[in-house]
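The values are calculated or read from the model by the stated rules, or taken from the named source; none is laboratory data. Not measured: the values here are computed from a predicted model. Methodologically, a virtual Cβ is constructed for each residue, glycine included, from the backbone with ideal geometry; neighbour enumeration extends over all protein chains shown. Surface accessibility is based on the protein's heavy atoms, side chains included, excluding ligands, DNA and RNA. Shrake-Rupley method; radii C 1.70, N 1.55, O 1.52, S 1.80 Å.
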Amino acid sequence: MNHDDRTMRRIGLWGAPTSGKTSFLAALNIAVTQSSEEWTIFGVDDPSVDFLVDSTTTLTHERRFPPATEALSELSWILMSETEVEIGTRRRKETKKIPLELHLDVLDAPGRVFGHKPKTDAHQSQLEGLGFDDEDEGMDGAGGGSELDEEKLIDNLADCDGIVYLFDPIREREKGDAFQYFQRTLALLAKRSLEGRRLINGRLPHHFAVCITKFDEPRVYQTAKARGYITFDPDDKHMFPKVHPDNAENLFEDLCQVASAREAALVHGSIKRYFRPERVRYFATSAVGFYLAPRTVRFRASDYQNVVPDGGEGYRIRGDIHPINVLEPLLWLGRQLSSETGR
């Protein structure tokens with residue numbers, strides 16, 4: 001294999017508090033294992049390997065979600081497969097298989113960094129706008145947290161070829177603060193791209209996969225069902241509900257309309273304004289998927305909730321993990337970027 005044929009692309013992850021970033025990453029190893037396509041995933045260092053092993057065990061064996069992040073950490077994995085690209089001239093093209101390597105880099109910040117600081121603190125305002133913590137709202141009393149290098153977080157996204165953006169419709173329905181967390185990161189990312197002369201016709205250069213998380217949650221699933229967006233993959237023996245990517249943006253818009261403050265519509269407008277339309281795609285995702293009763297082969301609409309209260313303040317997972325559209329956004333990004341390289 002010629003080294004020049006190898007395609008290495010960097011993918012970043014962006015999401016507001018409770019958007020499901022840690023759960024998304026935890027489900028990635030399971031999604032790779034269950035995929036009908038031949039992908040493999042490797043941690044590039046010991047912390048990344050440990051996260052992959054521990055989080056998979058937490059989801060599958062312990063049937064609970066991974067704990068909140070305790071300290072700023074850098075995690076990195078490589079996804080490997082092959083993809084086909086067209087090469088040659090316009091008149092004479094041929095298809096060629098090339099190795100595809102996606103470098104998934106994540107800076108994971110703890111919830112306490114974002115809490116218990118006065119609103120007048122300008123630095124805290126900047127940090128909150130980044131939205132890089134995760135399932136962390138239960139960390140009351142944790143204090144202010146350590147200093148966080150904002151430049152490092154923005155550098156991480158600015159240097160990526162593709163970005164996975166996680167949008168939590170449940171948080172937005174209850175708190176309506178998606179745009180608050182989105183706008184500053186976008187503004188800083190745009191500034192960095194301008195400084196680096198990476199803008200393309202006034203738009204950001206990144207390929208952008210928008211993931212509507214918690215598709216298995218009743219309020220999200222029922223909205224998709226009521227609007228007629230539900231479809232099924234005939235090759236899926238379990239016949240789990242899905243939303244085709246061609247309809248996922250419509251679901252995003254509909255969920256914005258039922259949010260408490262409807263500011264999520266500004267997120268949608270910003271995506272359309274700052275990213276090239278052919279480089280954006282929407283996905284309805286779930287880290288854990290729908291419930292499938294033991295000895296049951298197919299999805300049952302009468303009993304599908306896989307995440308239920310645990311009797312305290314948390315939640316437990318009832319059954320096996322069947323991630324929905326966790327790997328697919330990364331595959332789409334990888335193929336988009338590879339096709340771009342092959343031209």
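Summary table
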{"read-out": "When residues of the stretch 218-233 are limited to those that are part of a helix (DSSP H, G or I) and not β-branched (V, I, T), the one most open to solvent (accessible area, probe 1.4 Å)", "value": "K225"}
{"read-out": "Close pairs (6 angstrom Cβ cut-off, 6 or more residues apart or separate chains): without any contact (Cβ under 8 Å) to a residue 12 or more places away in the chain in the stretch 156-182, crowded, with 24+ Cβ neighbours inside 10 Å and in a strand (DSSP E or B) anywhere", "value": "none"}
{"read-out": "Qualifying positions in the stretch 20-41 - part of a loop (DSSP other than H, G, I, E, B) and open to solvent by less than 20 Å² (accessible area, probe 1.4 Å)", "value": "G20, W39"}
{"read-out": "Per-region count, the stretch 166-206, residues of a type in the set (G, A, S) and under 12 Å from A16 (Cα atoms)", "value": "2"}
{"read-out": "Selected residue [at negative phi, without any contact (Cβ under 8 Å) to a residue 12 or more places away in the chain, surrounded by 13 or more Cβ atoms within 10 Å (Cβ to Cβ) and β-branched (V, I, T)] from V49, V44", "value": "V49"}
{"read-out": "Enumeration of residues in the stretch 75-98 that are within 30 Å of G289 (Cβ to Cβ), modelled with pLDDT under 80 and not β-branched (V, I, T)", "value": "E82, E84"}
{"read-out": "So A68, is it within 17 Å of Y315 (Cα to Cα), at pLDDT below 90 and either open to solvent by less than 10 Å² (accessible area, probe 1.4 Å) or outside any helix (DSSP H, G or I) (or both)", "value": "yes"}
{"read-out": "Of residues in the stretch 169-197 being in contact with a helix residue (DSSP H, G or I) (Cβ under 8 Å, 6 or more places away or on another chain), charged (D, E, K, R) and open to solvent by 10 Å² or more (accessible area, probe 1.4 Å), the one modelled with the highest pLDDT", "value": "R192"}
{"read-out": "Top-ranked residue in the stretch 9-19 [being open to solvent by less than 10 Å² (accessible area, probe 1.4 Å) and not in a strand (DSSP E or B); ranked as nearest to H206 (Cα to Cα)]", "value": "S19"}
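Conditions (1) at pLDDT below 90; (2) acidic (D, E); (3) touching a Gly at 6+ places or on another chain (Cβ under 9 Å); (4) in a helix (DSSP H, G or I), marked per residue:
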| position | (1), (2), (3), (4) |
| --- | --- |
| K119 | yes, no, no, no |
| S125 | yes, no, no, yes |
| G145 | yes, no, yes, no |
| V210 | no, no, no, no |
